[in-house]
Amino acid sequence: MKSHLSTQKDEEIVSSVVEGDKDLFGELIDRYEPKLTRYVRRFIQQPDDVSDIIQIVFIKAYMNLRSFDVERSFNSWIYRIAHNESVTYLKKRGNEKVSFIDFDIFLPHPFAKEEADDRSLNREMKELLDTSLLSISPKYREVLVLYYYDELSYQEIAEVLHIPIATVGVRIRRGKESLQKILISNHYQP
Amino acid sequence: MTNLKAKILDTVKNNTITMIPKWKFILYSTLGIVGIIFSFLITVFLFSLILFVLSRHGFMYMPFFGFMATMHTLKAIPLFLLLCTIVLLIIIELISRSYSFSFRQPLAVTLLLLTTFAAIVSFIISQTGIHEYVREYAMNHHIDPMVRMYDRPIPFRPAEGVDILRGEVVASSGTSTTLRLFDGAIIVAYATTTGTSTFMIPSIGDDVIVFGNFFGEQFQILDIRKAPFGKHMPKGDMRMMIRDTDRQETVKVFYSEIKRQ
């Protein structure tokens, strides 16, 4: 049974849960709890708050399961819920400044093609990403996390954040530039 | 099994939480689309009303008379209607942002497409008889706020020496022309010229635009021409107004008592 379950796609499991097999929802929790916990921890430090948010994410996912289109990616869909809950939490705590106009999504950008070796970061950058992620803007932090840690494609990140694909490329580039600046300033620190 | 998993499965099996029925999502989605369509229709109505009012009272044709006159057109745009249109466009954009066809495009692109589409549809509607019908209906049923929407706009900080009238010629002779304006006002205009007049003498039924300025009770005409897209515009007849600048000839219009019909 377990080996059969492990080969089933997320979307197939969702269809089964919607049809009445509630136990199968546990399989989705097994698959996504570690990933979503890692993702939310990049934005929220308190462990209790993190587990509360993850619980809300799965509850909302279950309640809204009938709205999910099985032709689309469940991965993007559940990450979208996690993103929304994280943003709501940060706004309530006053950590996140509400910006009514985001120029990243306002103006068109040249489309940045996703390259196969884009995910490779040199050792220094990877260490910097681990240690300095909290130093960069949440707007860039979330795309870097989704791309380098959760290994989502540009298309999937666009679906999670509800932004144009070209904007994903722009934010990844700018996020890396922010990290470069931190790297340079760290090297010049006495 | 983690604590979290156990907790969630427990609430699921006990029906403490249940799946929202599919029909509710269909309903919300339908309401969203209906909201977008309804807002778009109102936007188009208001925008076409602005175009219609500017056209019927002549302000739309100010650009034919120069750049400064164009500014007068902009100042004549009814601010309240314009603000309502802008607010509705923003509402449409906000509602549509939750749909993938919208968020996949930059905001500037979707706003531009939406505004352009609304402007084209509004222009088409302003050329039909819908607004004449709506105004007549409002007048017959005494819906005063709606009737007032069709009144001649008062330009914001009007420029000196710049004004425009549009009306149908109801009487014409060699020395006088009587115009009925869109709001029913009657203006008697007559020319006093020496030598050969180079001004167009309109025929009865002509839809004309008269450009000039008020001096107290008098409206001094600087230019007069047939209205483009006017209902009495004979096909192919694009006779232009020529003003004799050397002799500084002008046609004096006496703004006599206004009679509303």
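Just so it is clear, none of the values below were taken in a lab; they were calculated from the coordinates. Since the model is a prediction, treat every value here as computed from it, not as a measurement. Note that each Cβ is placed from the backbone with ideal geometry, even for glycine, and that neighbours are counted across all protein chains shown.
I'd like the mean, over residues of A:54-61, of how many other protein chain beta carbons sit within 10 Å of each residue's own Cβ. The partial results should precede the final answer.
On the way: counts 2, 5, 0, 0, 8, 6, 1, 1.
The mean count of partner-chain Cβ atoms within 10 Å per residue comes to 3.
How crowded by other chains is B:15-23, given as the mean number of beta carbons from other chains within 10 Å of each beta carbon? Spell out each step's value before the answer.
Values: counts 1, 1, 5, 2, 9, 6, 1, 4, 1.
Shielding by partners across B:15-23 averages 3.
Which one, B:Phe25, B:Phe80, B:Leu94, is farthest towards the positive end of the dipole of the stretch B:1-136 when Lys and Arg carry +1 and Asp and Glu -1 on their Cβ?
B:Phe25
What ranking do A:59-66, A:165-172 get when scored by the average of other Cβ atoms within 10 Å per residue, highest first? Don't skip to the end; give the middle numbers.
Numbers: A:59-66: 17.9, A:165-172: 22.6.
So the order, starting with the most tightly packed, is A:165-172, A:59-66.
Given Cα pairs under 8 Å that are at least 6 residues apart, what percent is the relative contact order of the stretch B:56-184?
Numbers: 84 pairs, mean separation 43.8, N = 129.
Across the stretch B:56-184, relative contact order equals 34 percent.
Too long at a 30 Å Cα-Cα cut-off: which of A:Lys9/A:Lys60; A:Lys9/B:Lys22; A:Lys60/A:Lys176; A:Lys9/B:Lys5; A:Lys139/B:Lys75?
On the way: A:Lys9/A:Lys60 20 Å; A:Lys9/B:Lys22 22 Å; A:Lys60/A:Lys176 33 Å; A:Lys9/B:Lys5 19 Å; A:Lys139/B:Lys75 41 Å.
Violating the 30 Å Cα-Cα cut-off are A:Lys60/A:Lys176; A:Lys139/B:Lys75.
Quick one: dipole size for the stretch A:2-44, taken about the Cα centre, charges +1 on Lys/Arg Cβ and -1 on Asp/Glu Cβ, in debye to the nearest 20.
Details: 8 positive and 9 negative charges, 93 e Å.
Dipole about the Cα centre, nearest 20: 440 debye.
Among B:Thr16, B:Met62, B:Asn3, pick out the residue whose Cα is farthest towards the positive end of the charge dipole of the stretch B:1-101, where Lys and Arg carry +1 and Asp and Glu carry -1 on C-beta, about the Cα centre.
About the Cα centre, the residue reaching furthest to the positive side is B:Asn3.
Highest mean first, what order results for A:70-78, B:15-23 on Cβ atoms within 10 Å? All intermediate terms of the calculation are to be shown ahead of the outcome.
Numbers: A:70-78: 17.1, B:15-23: 11.4.
So the order, starting with the most tightly packed, is A:70-78, B:15-23.
Can you pull a Stokes-Einstein diffusion coefficient for the stretch B:1-160 at 20 °C (1.002 mPa s), Rh from Kirkwood over Cα pairs, as a whole number of µm²/s? Intermediate values should be presented prior to the final figure.
Details: Rh = 19.3 Å.
After rounding, the answer is 111 µm²/s.
In the stretch B:20-47, which residues have a backbone nitrogen under 11 Å from the label point lying 7 Å from B:Ile91's Cα in the Cα-to-Cβ direction?
Only B:35-43 pass the distance filter.
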